[in-house]
Each structure stands twice: as structure tokens, then as C-alpha cells.
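Single-structure report; data block below.
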Amino acid sequence: MSTTRKRLSESDGFVSVLVVLMGFLVGTILVALVGKNPLNMYKALFQALSGYNIDNGRMNIRYVAETLNYSVPFILCGLSMGFAKRVGLFNIGGEGQYIMGLTLAQTVALLGPQVVVLHWVLAIAAAVLVGSLWGGIVGILKAKYEVSEVVSTIMLNYVALYLSRIICLQLPGATTYKTANFPKTALIENTFFQQITRNSLLNNGIFMMGIAVIIYWFIMEKTSLGYGMRATGFNKEAARASGIPVVKSISISMAISGAFAGLAGGIVALGSFKYGRVLAGMDNYGFDGIAVALVGNCTALGTTLAGLLFGLLKNAQALMQGKQIPKEITFIIQGLIVIFIALRSALKLYQQFLDKRQLQKEVGIQ
Amino acid sequence: MTMILGMLPSILMIVAPILITAIGGMICEKSGVVNIALEGLMAIGACTAAAAHVLMEGSGMNHSLSLFLALAMGLAAGGLFSLIHAVAAINLNADQTISGTGINLLANGVTIFASQILFSADRTREFRMGMQTDALGIYPTAYIALVVVILSWFILYKLPFGMHLRACGEHPGAAESVGINVKRMRYWAVVASGVLAGLAGGCVVLTQTIQYTSNTINGRGFIALAAVSFGRWSPLGVTGAALLFGTAQAFSIIANNIPALRVLPTEVFNILPYVVTLAALVLFSGKNYAPRSAGLPYEKGAS
């Protein structure tokens, strides 16, 4: 009995499921407390998940496709956070890397050569590159100058936001909130998806995300680069002593981490919009990616599942609002989930307490 | 010179809340707990103060009394919310960055959720009148900030309580061995940072705007966090850092009135505080001024 409990409390997957359930539980209680019907919240979530509307029995596959499309940036930003976390860095800069990716993708889309395929490939490549540059800066600051990555990433997020505005306001046809429409060659739309999902925004970005997940898994589990990074994350001094170049390891991993977030920015820019946006605020995918990675325990599979959950929550927002449930409940649930993850160390304390009592019982001290 | 004097009131208006929050963050880190939830705690304070003020104003309460009570409620709300961080970081040895991030996300949802319930909109209703400036054109928040700085310096460096608190951040084991209750000291510090961030949130909303929206705080808590490291964890340094960042921010508003600066996009001035911080962190790297045990959980009897 106690060994099963012990094994469960040490299983990361189990803790993640528990944490998500607790987040939903507290969220449900909160909705009930303010006098709304929590059932409506779950109806909205179910519709976003399956496309089936319980109230009128109609089916619309479009909702499923939108959930998938929303998940793409969440998963990629989760990978970005997860990659850095494996080397022991806390990358709060996913947002800035995402914004830089978005900005460069928009720039190439409006100014690049309008050649079929080449155009969007260039735009996405630019997004990935600038994302890795933005992340690499953090790595160098950390490795060479010992600047805390928590502070430097937060600063770089805001630099990215305002830099993005400066750049985008210079693009063709820029007004205070949008630029001219992208040429057709820059878009990553998928007409087949559009036909079978009643014109949802689901696009080729989902394939790029799939490739990114596989690359993440491969680097982490199968290469010596990933091994060196994980070793650095576990114990920097031990890694240094065993000949792993720590500075290089940190810089490269931050650059790769940024590349994932930059890709997310590129995909959102070219997949979900037909014009460039002049950002007034942050999209928050980068911040939510922190939660996604934490829920997914920074593994490829876990992060993908967690990203799907967050995509589901985001897509359900509008449906909730239509059912008189304030959509901000999804933010509250996400926040609660992260706080409960922080509290998971309590499980360890509890286990220590149990072990101690067990020991006392065995040696006969009461 | 006259131009800079003319700008002073708006600079002080912007600096005050950043400075108040940064002092709270500094106290918290001095005790050994890193609090990146300052942004969220400011939001909680701002939303509470704005909602309280608009409701009390509507009930015909005396204007100054309403402002005072609104600030007090924002302060209390920030303090209450920071207890989450305190329990997580101090009792449960949680990762302080994760729990701080959680509170920031949660605050984002809770404030707007509350506005939806209270005012059926994604923001609080506009109040008619916020704080008023005095004869010099300066808001009372500037004086509040001054008092906070002096008090924090006096408590941290002139009272035994402050020395004990700092010891907990440098070497908690040694502090415990001479009879200081490390956990209790850290509780005081975290709640102080929550109270000050809540107060600062109220100051922002009652001087710079007429309602709380999801954009009201807009990174001020993060700037305060940077001011703590840029100011090298000392009251004077943090004050200087907050003044520098606040001035840079004020410039983005004022630059429009200065012909020589109008050619630059206002975003250039928005970027300034962040770039300055980064540059400063690189220039002053090497020597570490941070409290030695900041960010590490303290387990009694361990090590």
C-alpha cells in the first residue's frame, strides 16, 4: 500500500494529472461561488474538444481544428521553456523570442521575394533564426557575465515588444495596429484542411510543430548534446569537471530554446493572420509556455499533451463567454495549475514525514 | 533646466509606484526569498483599489476618505495574496520562480474575473476623480514612496529586527543558531513585499488612470524587480535605479513636447529602461551583491 503511494507520488505524470485536476476543481468551485453554473464551463470545454454542442445536438468539426491550431504556439513555447529548463535555466523570455519571430516573419512576408514555397520558407527560417539569436543573447549573458536569466529574459521581452512596434510601423501599409495584407506566397494556409474543417485557421504550422516535437525528443534523449545539457542542468560543477563545456552548452541550449519560440511566432504570424500586426501588447503564448512545460514535465510527449490542454482552454474561452461564464476563469485555472506545481515539493516533505514515522514505529519509539 | 523641473511632477508620479514595489522586492530578497510575483501583486492591489474607490465614490463617500480606504484595501489585498508565495516558498520549499510565475498568471485572471463579476466588463468602471496634486503639482504618492524608502532603510539597517532579517538572507543556518526564527522573519519579509506591491498598484491606478484594465500595470512590477538588482539590494541604490527607470519612462510621454526628440519614435524611450538595465547588469557583473541565500529554501537542521 505505502509503496504504491510512494511510487505514485514520485511519478511525474501522475503528479501532473493530479495538479491539473486540482486546478479545475478549484476553478469549478470559484465559478459556483460567484453564482454561475459550472456545468456551462464544461459544456464549452466539451464543445471545443469534440465539436459537439450538447445544448442543440449540432456537430461542428471546426472547433476541433481551432483547438489544434491554438495548441501549436503553446506546444512550441512549452518546448522552448522545457529545453532551457533541462539545463537548469528558467526561460521567461519565450515571449520575447516569440515576438521577434513574429516580427521577422511579418517583415519577410511583406518585403521578401514572392516566389512560391521559397517565400514562406524564408519567412519561417527568419523567425527561427531571430528567435535563436534572442535566446542566445540570454545564454551568453548568463554563461559569460552571470546575469540572472530571470531578469535578463524579462528585460528582453519588453525590448522585443517595442522593437517589434518600431519595425512593424515601418512596414508597407502600416497603420497604428496593422500592416498591408501578406502576398499569397507568404501564407502557410492548407486548403485541404480548410475544406474539411469548414474554413478553420488550421494550417501547415501543425506539421512544423510535429517536426519540432520530434527534434526536441531526439536531441534530448538520443544525442550527446542533450546528454551534456541534462548533465549541466543536474549539476553544473560536476558537468564542468567531467569535461562538458558548460558555457557553450548553456549558450547553445538557450539558442535552441529560442528557436522553438521564434518558430511559434512565425507560425502564428503567417498562419492565423492575413496581415502583419503592430502589437499593442503581448500575446502571452511565451508566458503560458512556462506553464505548459511545467505541466508536461519538460518531456516531448508531456509538453505536447499539456499544450493541447491549453489550446483547448483558449478555444473554449469564447464559448464560455457566450454561456455567461467569464472567460478569465481559464487564466485562473492556468495560474492555479502552476501554483500547485510549485507546491509539489510538499509531496516530498509529506513523504519524508511518513518515512520518519514509519521508522519510529519500526524502532519502537512512539 | 526649467524644462527638467517642469517634468519633475510627472517623473515622480511614474517613479513612486515602481520605487515602492522595488523596496518591497528588496526586503523580500534580503530575507532570502526571491519574489517575481511583484507584477501580479501590483495588479491585485490596483484592481482592488480601483474597484473599492469607484464603489465608495458612487455611494457618496467623502473623496479623501474613499481614496485612503481604497489604498488601504489594495495594500491588504496585496499582502493577503503574497501569503500564497510565503506558504509555497517558506513552508513547502517550493521553487520560488515557479510559484511567483503562478501568482502572476493567477493575478491576471483573478483581477479581470472579479471585474466581470462586479461590473460586467473586462475592466472596472471609471471613477470620477482620482488623487489630486498639491500646490507643487506633485501627487501624494511621491511622499508615500519617500516615507517607505526611509522607513525601510531605518528598519533594515538601524533596528535589530532588520539585522536579523538580513542575516536570514545571507546565512539562514547561522541566524537560526543564534535563536532567530528564520521562517517567521521570511514571512514578515514576503508579506511586506506583498503589502508594498499592493499599495503601489493602488498608487498607479489612482494617479495615472481612471480604471483598472489588464494593461494598467504593464510591466511595472518587472521593472521594479530589475531595479532591485540594478540598485544592488540597497535602499539608496534601488531609489536611484527606480528614478532612472521612471525618468526613462516619463520621457516616452514627454518627448512629444520636445521638438528635438520628436523625430524619434516614442518606442525608443519605452525601450530605454530595459536596455539600460541589461547594460548595467553586464557592466557590473562579476561581483555579486545579491543576498547569498536568496532563492534557496531553508530547511531546519539541513547542512
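The values are calculated or read from the model by the stated rules, or taken from the named source; none is laboratory data. Quick caveat: nothing in here was measured; it's all calculated off a predicted structure. Every residue, glycine as well, gets a Cβ built from its backbone with ideal geometry; the counts of neighbours run over all protein chains shown. Please note that ligands, DNA and RNA were not included when accessible areas were found on the heavy atoms of the full protein model with its side chains. Shrake-Rupley method; radii C 1.70, N 1.55, O 1.52, S 1.80 Å.
Annotations
- On the principal axes of its alpha-carbon atoms, the protein assembly as shown has extents of 80, 71, 57 Å, going from largest to smallest.
- The stretch A:71-304 - Kirkwood radius from inverse mean 1/r over Cα pairs (Å): 17.6
- Based on alpha-carbon atoms, the Kirkwood radius and the radius of gyration of the stretch B:15-216 give Rg/Rh equal to 1.02.
- 10 Å binning of all Cα-Cα separations within the stretch A:157-237, expressed as whole percents from 0 upward: 14, 20, 27, 25, 13, 1
- Rounded, prolate or oblate (a/c below 1.5 giving rounded, otherwise prolate when a/b exceeds b/c) for the stretch B:45-152 by Cα gyration tensor: oblate
- Residue (of A:234, B:187, A:210) at the positive-pole extreme of the protein assembly as shown, dipole from beta-carbon charges: A:234
- Going from the isolated chain to the complete set of protein chains, the stretch B:233-282 loses at least 20 Å² of heavy-atom accessible area (1.4 Å probe) at B:265, B:267, B:270, B:271, B:274, B:278, B:281, B:282.
- For the stretch A:71-304, lysine pairs separated by 8 or more sequence positions, or belonging to different chains, with Cα-Cα distances below 15 Å total 9.
- Whether the stretch A:278-335 is rounded, prolate or oblate, judged on the alpha carbon gyration tensor where a/c under 1.5 counts as rounded: oblate
- Residue (of B:8, A:138, A:170) at the positive-pole extreme of the protein assembly as shown, dipole from beta-carbon charges: A:138
- Highest-MSF residue in chain B out of B:21, B:209, B:247 [GNM, Cα springs under 10 Å]: B:209
- Å² of accessible area per residue within the protein assembly as shown, as computed with a 1.4 Å probe and no ligands counted: 42
- Each of A:100, A:252, A:72 was scored by the projection of its Cα onto the charge dipole of the stretch A:71-304, and the greatest displacement toward the positive side belongs to A:252; charges sit on the C-beta of Lys, Arg, Asp and Glu.
- Carbon-plus-sulfur accessible fraction, the stretch A:71-304 (probe radius 1.4 Å, protein heavy atoms only): 66%.
- Pairwise Cα distances in the stretch B:114-244 exceed 21 Å for 54 percent of all pairs.
- Long-range tail of P(r) for the stretch A:241-366 (Cα pairs > 23 Å, %): 57
- Tensor-based shape of the stretch A:17-172 (alpha-carbon gyration tensor, a/c under 1.5 rounded, otherwise prolate or oblate): oblate
- Partners of residue A:36 within straight-line reach, counting lysines whose Cα lies under 28 Å from its Cα and excluding those fewer than 8 residues away in the same chain: A:314, A:323, A:327.
- Helices in chain A, meaning DSSP H runs of at least 4 residues, each add -39500 (n - 2.57). Divided by all residues, the mean residue ellipticity at 222 nm is -24500 deg cm²/dmol.
- Eligible lysines near residue B:183 by straight Cα distance, threshold 17 Å, same-chain separation 8 or greater: B:30, B:300
- Note on chain B: with a GNM built from Cα contacts shorter than 10 Å, the maximum mean-square fluctuation among B:160, B:17, B:259 falls on B:259.
- Within the stretch B:15-216: Cβ-based charge dipole about Cα centre, in debye rounded to nearest 20 (Lys, Arg +1; Asp, Glu -1): 280
- Cβ charges +1 (Lys, Arg) and -1 (Asp, Glu), total dipole of the stretch A:71-304, debye: 160
- Among B:198, B:60, B:45: highest mean-square fluctuation, GNM of chain B, C-alpha pairs under 10 Å: B:60
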